[in-house]
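Report on one structure; see the data block that follows.
The values are calculated or read from the model by the stated rules, or taken from the named source; none is laboratory data. Everything numeric here is computed off the predicted structure, so don't read it as measured data. Every residue, glycine as well, gets a Cβ built from its backbone with ideal geometry; the counts of neighbours run over all protein chains shown.
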């Protein structure tokens, strides 16, 4: 892992439609990973990765917020929650499913610790079905799939939707071993029932034509699933289906030793455990 000393890091701050953000990026050879933290109406949404704390901590320290809400427990979203707990008397909220896990030392593969840092334990409260901020009421939408505790946040007053890792990109090629893609499809359909305008993704940033982009992602995944079922009926196994539908090999698959792989996408769709 000597090459990880060559990690390049940077961050960019900005504002879009009265939502402030910091986008931190890490690059290593052919891999580039990024994550956003958003500030809207006194609500901090996600805290960034601890490996990027030299950027996220000043952003957090300068920010004016009354509460923190986390889309899910993954370390690139919760990495600086412990800093907030240590430096501010501000409540932190996330799904009740992972409160206990986040209060313990983080346990995930080494490559993720090298990219995102080792998240320190922090204490949080369970998110209710809705909450209020300074000028708005928000809906908390259960959106499992990428993670079992994943939730999106809808600002009823502005019509803005914060989707965490529900979107990321329209044509997903590789996914984590833990992801449940049929659940993710159902989560996309659940979010699409809301009357929203702006979409803010934790990795893609502000998504132009957000509703249409979410619809295209849902349709793409349903199409892959239909093709995968058809090939299975012809007698092909999961690996053969992967090689036919998603033949490209990505650097993250090798680096993660298979934790990220197109094969997980195929096997999950074939199980269809919605």
Can you pull out the residues in region 15-54 that are free of Cβ contacts under 8 Å to residues at least 60 places away in the same chain and on the phi > 0 side of the Ramachandran plot? 48
Those residues that are in a helix (DSSP H, G or I) and more than 22 Å from residue 103 (Cβ to Cβ), I need them from region 51-88; list them, please. 52, 54, 55, 58, 59, 61, 62
Would you confirm, using the coordinates I've provided, whether residue 265 is within 20 Å of the chain's Cα centre (by Cα), under 21 Å from residue 187 (Cα atoms) and assigned to a helix (DSSP H, G or I)? yes
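So that you can scan it fast, the table gives a plain yes or no per residue for (1) farther than 23 Å from residue 111 by Cα; (2) in contact with a helix residue (DSSP H, G or I) (Cβ under 6 Å, 6 or more places away or on another chain); (3) surrounded by fewer than 20 Cβ atoms within 10 Å (Cβ to Cβ):
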| site | (1), (2), (3) |
| --- | --- |
| 172 | no, no, yes |
| 193 | yes, no, yes |
| 199 | yes, yes, no |
| 212 | yes, no, yes |
| 223 | yes, no, yes |
| 234 | yes, no, yes |
| 240 | yes, no, yes |
| 258 | no, no, yes |
| 270 | yes, yes, yes |
Take the residues in region 175-190 that are touching a strand residue (DSSP E or B) at 6+ places or on another chain (Cβ under 7 Å) and surrounded by fewer than 21 Cβ atoms within 10 Å (Cβ to Cβ), then tell me which one is farthest from residue 253 (Cα to Cα). 190
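Among the listed residues 235, 223, which satisfies the condition of being more than 19 Å from residue 178 (Cβ to Cβ), without any contact (Cβ under 8 Å) to a residue 12 or more places away in the chain and under 24 Å from the mean Cα position of the chain (by Cα)?
223
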Has region 57-66 got any residue that is modelled with pLDDT of 95 or more and within 19 Å of residue 121 (Cβ to Cβ)? yes
Of all the residues that make up region 241-262, how many are more than 14 Å from residue 224 (Cα to Cα) and either touching a strand residue (DSSP E or B) at 6+ places or on another chain (Cβ under 7 Å) or assigned to a helix (DSSP H, G or I) (or both)? 7
List every residue pair whose Cβ atoms lie under 6 Å apart, where the two residues are 6 or more positions apart in sequence or sit on different chains, the first residue falls within region 114-131 and is at positive phi and surrounded by 18 or more Cβ atoms within 10 Å (Cβ to Cβ), and the second residue, located anywhere, is outside any strand (DSSP E or B) and at pLDDT 95 or above. 117/49; 117/50; 117/51; 117/79
Kindly indicate whether residue 189 is farther than 19 Å from residue 212 by Cβ and either assigned to a helix (DSSP H, G or I) or at pLDDT below 95 (or both). no
Please count how many residues of region 1-50 are part of a helix (DSSP H, G or I) and surrounded by fewer than 23 Cβ atoms within 10 Å (Cβ to Cβ). 5
Being under 10 Å from the mean Cα position of the chain (by Cα) and part of a loop (DSSP other than H, G, I, E, B) is the filter here, so list the residues in region 145-174 that pass it. 146, 147, 150, 165, 166, 167, 168
Quick count over region 238-274, residues being free of Cβ contacts under 8 Å to residues at least 24 places away in the same chain and under 30 Å from residue 26 (Cα atoms), is 5
Could you go through region 89-107 and let me know if any residue there is modelled with pLDDT of 95 or more, in a loop (DSSP other than H, G, I, E, B) and crowded, with 22+ Cβ neighbours inside 10 Å. yes
Kindly list the number of the only condition in (1) part of a helix (DSSP H, G or I); (2) under 22 Å from residue 42 (Cβ atoms) that fails for residue 196. (1)
When region 61-76 is examined, which residues are found to be in contact with a strand residue (DSSP E or B) (Cβ under 7 Å, 6 or more places away or on another chain) and closer than 20 Å to residue 131 by Cβ? 63, 65, 67, 68, 69, 70, 71, 72, 73
